[in-house]
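Only the coordinates and a few stated rules stand behind these numbers; no lab work does. Bear in mind that the values here come from a model prediction, so they are computed numbers and not experimental data. Using ideal geometry, Cβ is built from the backbone for each residue, glycine included, and neighbour counts are taken over all protein chains shown.
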Amino acid sequence: MAAQDSTAVSRRAFLGGHDPTDVMPWTTSEIMREACTGCGACVEACPEGILHQGRGGHPVLDFSSPCTFCAACAEACPEPVFDLERDPPWTAVAVVASGCLEPQGIACRACEDACDHDALRARPMLGGRAEMRVDADACTGCGGCVPVCPTGAIQIREQEPADA
Ligand code: SF4
Ligand code: SF4
Ligand code: SF4
């Protein structure tokens, strides 16, 4: 068995077992790195309590519950980090990693049931197994599927722009 990254493990333990992301709506990780001073105003403002201060004080989203896209974080920020004109707010979508139970023949599909946007679908495979597929056009990156996954297999990741 491959050794796990101890930093990732400790971050997961700290953030409630979910894989956190430093991507935020209405900005990009690149802009965040350049413009965020780590003041923590967004963290204080989030009514869902899903933001924490990570490296350099920069916000990380723990997805212990979904992001409602309420924009309180962006409105509280005193720096030019967020652009509320961005539509959609970000390019982040759910990604199902190798820990998913369905390809192993273990019935689950908790994420499919949790998604309000019909963005997660099981694609049947041989032997009663299935592969969970994300419809990137339907997925908002809200993270509603993250806390229901019993194996922590779902991550929210920023997609590369199509013309990059
Ligand atoms: S949009 Fe709202 S729920 Fe989502 S991280 Fe920002 S403050 Fe929290
Ligand atoms: S991130 Fe939200 S929209 Fe995307 S698959 Fe998960 S629950 Fe559905
Ligand atoms: S909730 Fe997790 S383990 Fe269950 S089907 Fe979805 S990705 Fe797989």
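Between residue 125 and residue 76, the modelled labels are 4.1 nm apart [label points 7 Å from Cα along Cα→Cβ].
How much of the pair distance distribution for segment 91-159 lies past 20 Å, counting alpha-carbon pairs only, in percent?
Values: 464 of 2346 pairs.
When all Cα pairs of segment 91-159 are counted, 20 percent exceed 20 Å.
For the pair segment 21-58 and segment 93-115, the centres of their Cα atoms are 28 angstrom apart.
What is the packing order of peptides 57-64, 68-75, 122-129, taking the mean over residues of other C-beta atoms within 10 Å and listing the highest first? Display every interim value, and only then the final one.
Details: 57-64: 21.4, 68-75: 16.5, 122-129: 10.9.
Ranked by mean Cβ neighbours within 10 Å, highest first: 57-64, 68-75, 122-129.
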